[in-house]
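**Student:** Quick one: this structure, given as structure tokens, is what I'll be asking you about.
The values are calculated or read from the model by the stated rules, or taken from the named source; none is laboratory data. Only a predicted model underlies this, so the values are computations on that prediction, with no experimental measurement involved. Here Cβ is always computed from backbone atoms with ideal geometry, including for glycine, and neighbour counts include all displayed protein chains. Side chains are part of the model used for accessible areas, which takes the heavy atoms of the whole protein and leaves out ligands, DNA and RNA. Shrake-Rupley method; radii C 1.70, N 1.55, O 1.52, S 1.80 Å.
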Amino acid sequence: GRKATRVEGLPFGSETMEGIVRELRSEMGCGAWIEQGNLLLQGDLVERLKNWFAKKGCKRVVVSGKGVKAS
């Protein structure tokens, strides 16, 4: 029954995704991993992730009931 936040639609290769996961683990203080090309983070972190991606220069962040989509 634990919550998780999914990030879909990132246009990066596996090496870049691994770097993002390491950074998110540190900055968000949570578990994070890659599953089928999506980022998964432990906990309800939608608003924090939205702000994090905006600070990183994402032009568009879409929040849905299924998680966050950044591009």
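**Student:** Restricting to the range 10-32, give me the number of residues that are under 11 Å from the mean Cα position of the chain (by Cα) and either among the aliphatic types (A, V, I, L, M) or surrounded by 15 or more Cβ atoms within 10 Å (Cβ to Cβ) (or both).
**Tutor:** 8
**Student:** A follow-up question, please. Which of the residues belonging to the range 1-27 are assigned to a helix (DSSP H, G or I) and not charged (D, E, K, R)?
**Tutor:** S14, T16, M17, G19, I20, V21, L24, S26
**Student:** How many residues does the range 33-48 contain that are open to solvent by 70 Å² or more (accessible area, probe 1.4 Å) and either among the charged types (D, E, K, R) or assigned to a strand (DSSP E or B) (or both)?
**Tutor:** Residues flagged as open to solvent by 70 Å² or more (accessible area, probe 1.4 Å) and either among the charged types (D, E, K, R) or assigned to a strand (DSSP E or B) (or both) within the range 33-48 amount to 6.
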